[in-house]
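Report on one structure; see the data block that follows.
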Amino acid sequence: MSAEYGRTLKRLGIRRSSGRTGICFDNAMAESFFGVLRNERVSRMSYLAREAARQDITRHIEFWYNSKRLHSAVGYRPPREVHAEHTRLRIAG
């Protein structure tokens, strides 16, 4: 891990992963997300250009995945709803 990356994490208050290279548990959430993205969107589309893919995937994440898709890990609620609740509780507390 580069020293600059480490300083950035520290400045932002982000804790470094404790796993070693090749340990799958550190990356399980990202792997799950990208698997769902591939299955639900990317594999069903045909993109003519990288920019078209970027725009479509961004729209899919912002307008479907984060705001409407229900996630079992957060009580079958959409991530945007869970984030808003967390923000309200943090501000209130």
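FYI, it's all coordinate maths here, none of it is from the lab. The structure presented is a predicted model; accordingly, all values stated were derived computationally and were not measured. No Cβ is skipped: glycine too gets one built from the backbone with ideal geometry, and neighbour counts run over all protein chains shown.
For the chain, relative contact order (Cα pairs under 8 Å, six or more residues apart, normalised by length) works out to 11 percent. The smallest convex shape that holds all Cα atoms of the chain, its convex hull, gives 171 Å³ per residue. ARG54 sits among other residues whose Cβ lies under 13 Å from its own Cβ, and their net charge, with Lys and Arg +1 and Asp and Glu -1, is 0. Length gained on full extension, ARG38 to THR87: 14.7 nm, using 0.36 nm per residue less the C-alpha separation.
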